[in-house]
Amino acid sequence: MCGIVGLFLKNPELEAKLGAYLAPMLIGMSERGPDSAGFAVYRPPAAGLTVKLTLHHADERYPWLRLRDELATALCARVEFEVRASHCVLASDASGDAIRSALAERHPEVRLMGIGETIEIFKEKGLPEAVAERFHLAELQGSHAIGHTRMATESAVTTEHSHPFSTGLDLCLVHNGSLSNHNRLRLWLRRRGIEFQTDNDTEVAAGYLTWRLREGASLDQALQAALTDLDGFYTFAVGTKDGFAVLRDSFACKPAVLAETDEWVAMASEYRSIAHLPGADAAKIWEPAPATVYSWARH
């Protein structure tokens, strides 16, 4: 039931190969999630640009150039864009709030997938290999990434219901498992200003972490609190601007393996998605313990 992968590059000289390393990791989890797939890549925007937004429209002929020009004029800002299949990454020197407001007013037909300084999210229906090829994953550069292959169990098979889910700046989450209290928790979080776009339980987990971080918790503290507040069985991989974290619930019935070398840290639902990485044969390899937060970040 779903597959998770994550890769954090300790060595900046490897960043040009991030996508090339991640693509076979994602494809390796195809049998665990044939319905849809997605990934989040973290890479800085061009010089002078401070915010990035990943947008989605089902029609690949959507006029992204016209949207870019309208936003640049309306906001008196520099706006650059890159189109990958049904997604478009906008980068700008305007504020994220200003761009979101302009999009909501002028282009409500466009869906926001993620926003932050470095995050880019791509996800679609279909086999993981097709999704990786569609978005040219192997060409992408960056410092770290997480990915997911989905076998739908409690909500529709759509682009919007695919993972990763992002509910806060540069924060995203992928999930193997299911949450039993997500409907009640979604209502509780909405009353505290967290916005949701789907009925998916994983989006609630992402929203919960966003709320905890807004309240002043560190990521480790937020994940520790999740062990009490989130009912269900789960393995989480969480992406942030600086790194990623892994958490399994106290029963740890959803599989996960971690591997670390001097060059990288990798996580996957099964080791076969790690085995191809350079130096994997000499890596420290272990199964993450139940109810234990593992995290890596650049400082």
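Checking 228, 210 one by one, the residue that is farther than 21 Å from residue 15 by Cα, free of Cβ contacts under 8 Å to residues at least 12 places away in the same chain and not in a strand (DSSP E or B) is 228 and no other. Looking at (1) small (Gly, Ala, Ser); (2) under 19 Å from the mean Cα position of the chain (by Cα); (3) outside the structural domain of residue 275 (by TED's automatic domain parsing), can you tell me which one residue 101 breaks? That leaves (2) as the condition not met. Applying the criterion of being assigned to a loop (DSSP other than H, G, I, E, B) and basic (Lys, Arg) to the residues of region 181-194, the residue that is nearest to the chain's Cα centre (by Cα) is 192. On inspection, residue 198 does not qualify as at pLDDT 95 or above and out of contact with any helix residue (DSSP H, G or I) (no Cβ under 8 Å at 6 or more places or on another chain). When restricted to residues that are in contact with a helix residue (DSSP H, G or I) (Cβ under 9 Å, 6 or more places away or on another chain), in a helix (DSSP H, G or I) and surrounded by 15 or more Cβ atoms within 10 Å (Cβ to Cβ), region 213-225 contains 5.
In region 100-124, the residues that are without any contact (Cβ under 8 Å) to a residue 40 or more places away in the chain form Cβ pairs under 6 Å with partners that are part of a helix (DSSP H, G or I) and not small (Gly, Ala, Ser), at six or more places apart or across chains, as follows: 102/71. You will find that of 178, 166, the residue that is farther than 15 Å from residue 114 by Cα and either crowded, with 20+ Cβ neighbours inside 10 Å or more than 15 Å from the chain's Cα centre (by Cα) (or both) is 178 and no other. Residue pairs whose Cβ atoms lie under 6 Å apart, sitting 6 or more positions apart in sequence or on different chains, and linking a residue in region 188-206 that is more than 12 Å from residue 168 (Cβ to Cβ) to a partner that is hydroxyl-bearing (Ser, Thr, Tyr) and assigned to a loop (DSSP other than H, G, I, E, B), are 199/155; 200/155.
The values are calculated or read from the model by the stated rules, or taken from the named source; none is laboratory data. What you see is a predicted model; the values in this text were computed from it and never measured. Glycine gets a Cβ as well: all are built from the backbone with ideal geometry, and neighbour counts include every protein chain shown.
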